[in-house]
Amino acid sequence: MLSTQGYGDSGKMKDYHYSGPVEHRFSPYSFNGGTVLAVAGEDFAIVASDTRLSEGYSIHCRDSPKCYKLTDTTVIGCSGFHGDCLTLTKIIDARLKMYKHSNNKTMTSGAIAAMLSTILYGRRFFPYYVYNIIGGLDEEGRGAVYSFDPVGSYQRDTYKAGGSASAMLQPLLDNQIGFKNMENVQHVPLTKDKAVRLVKDVFISAAERDVYTGDALRICIVTKEGIKEETVALRKD
């Protein structure tokens, strides 16, 4: 039986007009939100992140921290596309095991930062959609923070925020830790207890304003004794 869908009421065939090529777009990336932060002190480093994994206006998971332990003195915080975060941390973990088997020692935080830079630069034409911050202790036992862009450029900082709420966290850190644009202020060394309190305060503030940050705060405190983890509840709406 012939179909009459392409014919009008009079039985004549309808006119079809070619409107030009149609472009079908596909993006290999997705932004899953989340915020990471790292602070370095005299003999400690703190890496913290929220635990919300979202996409658009949907929350996929409320317990997905973005802090990954690499060694006993190094933690990395990754935010951006969660699939790339998982892939990148697996590659780093494999490279760390290869290094330990070859050299019979653990890679230092500075060496991990340099290695990550080469990994990211090697994918510069199809980069990992990940914002990385490494926190740990250097060879002298002092706190160190390394921040990266997606194609491997990195630098050592005292404090750094990345992810969806970084524009809210960074000015607070500049004020409270860096004493930027402040006059007649005594620059006192940052203690571990004050740094932990400050991290909690800035994340509570960010959760009030950023829809992609919330649920809980995971804090990793790196000292010469090891890595201590702490969890603080944030708003869940």
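Observations on the model:
- A simple packing score, the average count of other Cβ atoms within 10 Å per residue, orders the peptides 78-90, 37-49, 184-196, 112-124 as 37-49, 78-90, 112-124, 184-196, with the highest score first.
- Top of Lys69, Lys97, Lys160 by mean-square fluctuation, Gaussian network on the chain, Cα under 10 Å: Lys97
- Cα centroid separation, region 181-214 to region 69-124 (Å): 27
- Comparing Asn32, Asn181, Asn103 in a Gaussian network model of the chain, where Cα atoms under 10 Å apart are tied by springs, the biggest mean-square fluctuation is seen for Asn181.
- In Hz, Karplus ³J(HN,Hα) per residue of region 160-167 (6.51, -1.76, 1.60; θ = phi - 60°; x = Gly, Pro): 7, 10, x, x, 5, 9, 4, 5
- Mean separation of Cα pairs under 8 Å and 6 or more residues apart, divided by the residue count, gives region 126-237 a relative contact order of 18 percent.
- Ellipticity estimate at 222 nm from DSSP helix runs (n ≥ 4, -39,500 (n - 2.57)) divided over the chain, nearest 500: -9000 deg cm²/dmol
- Across Ser102, Ser205, Ser164, mean-square fluctuation computed from a Gaussian network of the chain (C-alpha pairs under 10 Å connected) peaks at Ser102.
- Rolled with a 1.4 Å probe across the full set of protein chains, the surface gives Asp93 an accessible area near 60 Å².
- The C-alpha atoms of the chain define a longest principal axis, and helix 82-103 lies at about 50 degrees to it.
- Cross-link table Lys97/Lys192; Lys160/Lys236; Lys66/Lys236; Lys105/Lys200; Lys97/Lys224; Lys100/Lys160, entries beyond 23 Å C-alpha to C-alpha: Lys97/Lys192; Lys160/Lys236; Lys105/Lys200; Lys100/Lys160
- Amide hydrogen neighbours beyond the local backbone of Leu234, cut-off 5 Å, H modeled: Asp215, Ala216, Leu217
- Nonpolar atom fraction for the chain, defined as the carbon and sulfur part of the 1.4 Å probe accessible area, stands at 51 percent.
- Karplus-derived HN-Hα couplings along region 48-54 (A = 6.51, B = -1.76, C = 1.60, θ = phi - 60°), whole Hz, x at Gly and Pro: 9, 7, 7, 10, 8, 10, 9
- Label corresponding to percent of Cα pairs over 24 Å apart when calculated from the structure given, among (1) 50; (2) 69; (3) 47: (1)
- Excluding same-chain neighbours fewer than eight residues apart, the aspartates and glutamates reachable from Lys90 by a Cα-Cα span under 18 Å are Asp72.
- Remark: region 21-32, residue by residue, has Karplus-estimated 3J(HN,Hα) of x, 10, 8, 9, 9, 9, 10, x, 10, 8, 9, 9 Hz, where x stands for each Gly or Pro and the curve is 6.51 cos²θ - 1.76 cosθ + 1.60 at θ = phi - 60°.
The values are calculated or read from the model by the stated rules, or taken from the named source; none is laboratory data. This one's a predicted model, so the numbers in the text were calculated from it and none came from an experiment. In this analysis, Cβ positions are derived from the backbone assuming ideal geometry, glycine residues included, and neighbour counts consider all displayed protein chains. To get the accessible areas, we keep the full protein, side chains included, count just its heavy atoms, and leave off ligands, DNA and RNA. Shrake-Rupley method; radii C 1.70, N 1.55, O 1.52, S 1.80 Å.
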